[in-house]
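Read through the structure below, which is laid out as structure tokens, and then see the notes.
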Amino acid sequence: QVQLVESGGGLVQAGGSLRLSCTGSGRTFSGYAMGWFRQAPGKQREFVAAINWSGSTKLLIDSVQVRFTISRDDAKNTQYLQMNSLNPEDTAVYYCAARPMYISRSPDYDYWGQGTQVTVSS
């Protein structure tokens with residue numbers, strides 16, 4: 001069974017940092033683009049960041065571009081989202097996802113994790 005499992009979420013004060021991890025099992029994701037989406041209460045799921053299969057291309061939305069970093073470690077079948085200078089608007093459930101090779105801003109990913117809650121208090 002192919003799975004993606006997120007970890008690293010939690011409660012943090014504004015200005016703080018968290019690092020989310022997403023570890024795959026059941027197959028290797030070395031040939032896959034990996035993405036992060038988030039969904040705040042009452043809002044639609046939105047694209048946050050993605051990294052292509054080789055790690056050579058990274059895409060982040062404007063609101064997080066200078067605060068978040070996406071990376072991957074294929075030896076560990078894991079991708080990361082380092083989140084710094086968090087603010088209450090970042091509060092959401094964060095989902096990781098995987099699709100073959102190329103980045104997409106749309107939720108047309110083949111595999112999804114169950115999500116991890118990030119709560120930023122003011």
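Spin-label model, residue 101/residue 65: points 7 Å from Cα along the beta carbon direction are separated by 2.7 nm.
Protein heavy-atom accessible surface, 1.4 Å probe, per residue over the chain: 50 Å².
Placing dummy labels 7 Å off each Cα toward the beta-carbon, the span from residue 76 to residue 28 is 1.8 nm. For region 28-122, relative contact order (Cα pairs under 8 Å, six or more residues apart, normalised by length) works out to 32 percent. Note on residue 57 and residue 39: their simple-model spin labels are 2.7 nm apart, each label 7 Å out from Cα toward Cβ. Each Lys and Arg contributes +1 and each Asp and Glu -1, all at the Cβ; summed about the Cα centre of region 1-83, the dipole is approximately 60 debye. The stretch between residue 121 and residue 2, if pulled fully straight at 0.36 nm per residue, gains 39.4 nm over its current Cα-Cα span.
The values are calculated or read from the model by the stated rules, or taken from the named source; none is laboratory data. These figures come from a predicted structure and were not determined experimentally. Don't worry about glycine lacking a Cβ; one is built from the backbone with ideal geometry, like all the others, and counts go over all protein chains shown. Quick note on the areas: whole protein, heavy atoms, side chains included, nothing else; ligands and nucleic acids left out. Shrake-Rupley method; radii C 1.70, N 1.55, O 1.52, S 1.80 Å.
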